[in-house]
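First comes the structure, then the notes that go with it.
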Amino acid sequence: MPLAFVIGTAGSGKSLFTAAFSEWLKMSKQDVAVVNLDPGALKLPYSPDVDVRNYVDVGDIMEKYGLGPNGALIMAADLIADEIENLTRDIEEAHADFVLVDTPGQMELFAFRASGPYIVSELTKEPKALIYLFDAVFSANPMNYVSNMFLSAAVYNRFFQPQLHVLSKTDLIPKADVQAIASWSANTRALEDAIEEKLEGTKRLFSRNMMQAINKLGLQFLLMPLSSKTNEGMTNINTTLERILNEGEKYTT
Ligand SMILES: Nc1nc2c(ncn2[C@@H]2O[C@H](COP(=O)(O)OP(=O)(O)O)[C@@H](O)[C@H]2O)c(=O)[nH]1
Ligand SMILES: [Mg+2]
């Protein structure tokens, strides 16, 4: 069973997307299992079939090691790696055709510590993909958009898995802005023009140089607009995801 890991900065909409996309898949008669890998989640908008909180408890860690919430979350994220066998077993027992995995709220706990890449590589040998969310509200500013390109390139550099890019929360910004951001992702010139038009001074210079540096990596960031409130974009994401999971690792978009 192929797996997709949902990744993005804190609040970018990972958990709500996990909820909405899994519901959407069920409505289209697809057999999906949902995994929560966020040990710090208090309330989730879905009921996970597999839940890391059964094995790693942030409250217990705070008490046992005398840590505050931040320290305990870091330790909890690291401890997930020790539970890999339990998680793999739970996932196999779910017997689904496809597995959607929600990751820790703070992306760096998963992407930029040792445990995340270890978990992604060990959880399954089946085809897998990453779904990286660009928050539309944040990304509407070209400087923030470029920062997000940088972050998603850094994530790619950690996992080296096929990576799909999604513009989340599109219902919160005007349609014209959604189209503009999507055009930046499809066409470097459009992003260059937006940087010239909307930024000045050091911000303009820095954003332009950063964009050019990232372009040299040869990655693609084609953004698929998505709203987990209206379900806009679900069909497109599903089709692309299926293609990626069939084509294997050579694909990044
Ligand atoms: N309007 C709207 N709000 C969203 C959408 N996706 C997430 N949110 C809200 O954004 C906040 C953060 O979402 P969440 O899924 O918890 O982000 P996470 O930290 O990446 O898991 C929550 O209040 C969600 O209800 C969306 O597509 N549209
Ligand atoms: Mg979350």
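The values are calculated or read from the model by the stated rules, or taken from the named source; none is laboratory data. For clarity, every value in this text was computed on a predicted model and none was experimentally measured. Because the Cβ atoms are built from the backbone with ideal geometry, glycine has one as well, and the counts that use them run over all protein chains shown.
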Condition check for A76: modelled with pLDDT of 95 or more and more than 19 Å from F21 (Cβ to Cβ): yes
Selected residue (criterion: farthest from ligand 1 (Cβ to nearest atom)) from residues of the range 1-22 that are over 20 Å from D51 (Cβ atoms) and polar (S, T, N, Q): T9
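Could you check how many residues of the range 10-38 are away from ligand 2 (no atom under 11 Å from the Cβ) and in contact (Cβ under 8 Å) with a residue 60 or more places away in the chain?
Qualifying residue count for the region: 12.
Could you count how many residues in the range 125-136 are surrounded by fewer than 17 Cβ atoms within 10 Å (Cβ to Cβ) and in contact (Cβ under 8 Å) with a residue 12 or more places away in the chain?
Qualifying residue count for the region: 1.
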Which listed residue is surrounded by fewer than 17 Cβ atoms within 10 Å (Cβ to Cβ) and over 30 Å from E23 (Cβ atoms), from E196, E247, E242: E196
Residue that is farthest from V120 (Cα to Cα), among those in the range 23-49 that are more than 9 Å from ligand 1 (Cβ to nearest atom) and buried (at least 22 other Cβ atoms within 10 Å of the Cβ): P48
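If you take the residues of the range 39-52 that are aliphatic (A, V, I, L, M) and touching a Leu at 6+ places or on another chain (Cβ under 9 Å), which of them is farthest from ligand 2 (Cβ to nearest atom)?
Filtering first and then ranking leaves V50.
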Residue, farthest from I91 (Cα to Cα), within the range 7-61, restricted to residues that are over 17 Å from the mean Cα position of the chain (by Cα) and β-branched (V, I, T): I61
Single residue of the range 98-129 satisfying the filter (away from ligand 2 (no atom under 16 Å from the Cβ) and of a type in the set (D, E)) that is farthest from Q163 (Cα to Cα): E122
All positions within the range 130-172 that are more than 16 Å from ligand 2 (Cβ to nearest atom), closer than 13 Å to Q220 by Cα and part of a strand (DSSP E or B): Q163, L164, H165
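Residues are listed down the side, and each one gets a yes or a no for (1) within 16 Å of ligand 1 (Cβ to nearest atom); (2) touching a Cys at 6+ places or on another chain (Cβ under 7 Å); (3) farther than 18 Å from L130 by Cα:
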{"position": "E197", "(1), (2), (3)": "no, no, yes"}
{"position": "E200", "(1), (2), (3)": "no, no, yes"}
{"position": "R204", "(1), (2), (3)": "no, no, yes"}
{"position": "R208", "(1), (2), (3)": "no, no, yes"}
{"position": "N215", "(1), (2), (3)": "no, no, yes"}
{"position": "Q220", "(1), (2), (3)": "no, no, no"}
{"position": "N236", "(1), (2), (3)": "yes, no, no"}
Condition check for A10: of a type in the set (G, A, S), within 25 Å of Y156 (Cα to Cα) and surrounded by 18 or more Cβ atoms within 10 Å (Cβ to Cβ): no
Given (1) surrounded by fewer than 16 Cβ atoms within 10 Å (Cβ to Cβ); (2) under 14 Å from the mean Cα position of the chain (by Cα); (3) not in a helix (DSSP H, G or I), number of the condition T230 does not satisfy: (2)
Verdict on D102 being closer than 29 Å to P39 by Cα and either surrounded by 15 or more Cβ atoms within 10 Å (Cβ to Cβ) or modelled with pLDDT under 95 (or both): yes
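Looking at this structure, is K125 basic (K, R) and modelled with pLDDT under 95?
yes
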